[in-house]
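To start, the structure under review is shown below, and the notes come after it.
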Amino acid sequence: QMTQSPSSLSASVGDSVTITCRASQGITNWLAWYQQRPGIAPKLLIFAVSSLQSGVPSRFTGSASGTDFTLTISSLQPEDSATYFCQQTHNFPITFGQGTRLEIE
Amino acid sequence: QEQLVESGGGVVQPGRSLRLSCAASGFTFSSFGMHWVRHLPGKGLEWVAAISYDGNHKYYGDSVEGRITVSRDNSKNTLYLQMNSLRPEDTAVFYCAKDTQRNANSFHYMDVWGKGTTVTVSS
């Protein structure tokens with residue numbers, strides 16, 4: 001089970017934000033982050049905790065400390081307004097975090 | 001480019017069945033595992049099912065196991081999801097997604113997604 005926080009946050013263009021997922025058990029590095037804009041399919045941002053998917057801006061970074069995983073978005077842009085989900089694929093069933101809705105002011 | 005297109009969604013009464021399809025193009029479909037993921041209204045993403053590249057290994061989410069069957073036809077580059085005994089809580093947008101692993105019975109990440117098909121279960 002993945003516990004994601006916060007459920008929502010608001011920030012301004014140019015700010016940095018951090019989203020966290022805590023795994024209920026060890027998942028080694030089988031952790032990904034996805035971005036979903038309203039009405040659009042999810043998009044893979046980061047896989048294996050910190051590897052950037054091709055075409056994703058380097059403003060997106062991932063890290064881990066034990067069973068806590070973090071997505072940091074720096075230099076926020078208006079197009080970053082979306083919901084972000086973490087996902088573990090260490091074992092079945094594959095599970096997603098509850099999502100964090102990011103609003104850009 | 002790599003593309004997935006879902007179809008088969010609609011409005012269905014509780015207890016009825018529905019089969020979703022996902023047509024793949026732009027990549028070697030028979031080499032990759034595939035997933036079904038749904039977005040529940042007002043909630044988040046829920047993984048539904050996965051099938052290995054050769055169709056020999058299938059996995060299901062807890063909330064759908066026993067009511068759903070995932071399958072694929074590699075000759076038609078198509079993924080399927082047969083859903084039976086549908087419930088109102090199955091109402092969701094269903095996405096198919098391609099796994100990043102090639103020719104393996106292991107599943108990692110989903111790098112290509114379709115635009116989704118909406119399933120509404122209501123009397």
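The values are calculated or read from the model by the stated rules, or taken from the named source; none is laboratory data. Quantities reported herein were computed from a predicted structural model and do not represent experimental measurements. Positions of Cβ are backbone-derived with ideal geometry, glycine not excepted, and every protein chain shown enters the neighbour counts.
If you go through the stretch B:47-89, how many residues are closer than 19 Å to B:Phe107 by Cα, within 14 Å of chain A (Cβ to nearest Cβ), small (Gly, Ala, Ser) and assigned to a loop (DSSP other than H, G, I, E, B)? Residues in the stretch B:47-89 being closer than 19 Å to B:Phe107 by Cα, within 14 Å of chain A (Cβ to nearest Cβ), small (Gly, Ala, Ser) and assigned to a loop (DSSP other than H, G, I, E, B): 2 in total. Could you tell me whether A:Ser58 is exposed (fewer than 14 other Cβ atoms within 10 Å of the Cβ) and at positive phi? No: the conditions fail for A:Ser58. Here B:Arg102 fulfils each of the conditions (1) among the charged types (D, E, K, R); (2) exposed (fewer than 15 other Cβ atoms within 10 Å of the Cβ); (3) more than 14 Å from chain A (Cβ to nearest Cβ); (4) more than 22 Å from A:Tyr34 (Cα to Cα) apart from (4).
Kindly provide the set of residues from the stretch A:60-105 that are within 14 Å of chain B (Cβ to nearest Cβ), closer than 15 Å to A:Thr28 by Cα and not in a strand (DSSP E or B), ordered by number. Within the stretch A:60-105, A:Thr89, A:His90, A:Asn91, A:Phe92, A:Ile94 meet the criteria. Scanning the stretch A:4-53 for residues that are more than 12 Å from the chain's Cα centre (by Cα), among the β-branched types (Val, Ile, Thr) and surrounded by fewer than 18 Cβ atoms within 10 Å (Cβ to Cβ) gives A:Val13, A:Thr28, A:Ile40. For the stretch B:2-50, the tally of residues that are more than 20 Å from B:Leu86 (Cβ to Cβ), among the aromatic types (Phe, Trp, Tyr) and either touching a residue at least 60 places away in the same chain (Cβ under 8 Å) or touching a Lys or Arg at 6+ places or on another chain (Cβ under 6 Å) (or both) stands at 2. In summary, A:Ala41 fulfils each of the numbered conditions (1) under 21 Å from B:Asp99 (Cα atoms); (2) modelled with pLDDT of 95 or more; (3) in contact with a Lys or Arg (Cβ under 6 Å, 6 or more places away or on another chain) with the single exception of condition (2). Among residues of the stretch B:56-68 that are at positive phi, those with a Cβ under 9 angstrom from a residue that is crowded, with 19+ Cβ neighbours inside 10 Å, sequence gap 6+ or separate chain, pair up as B:Gly66/B:Tyr60.
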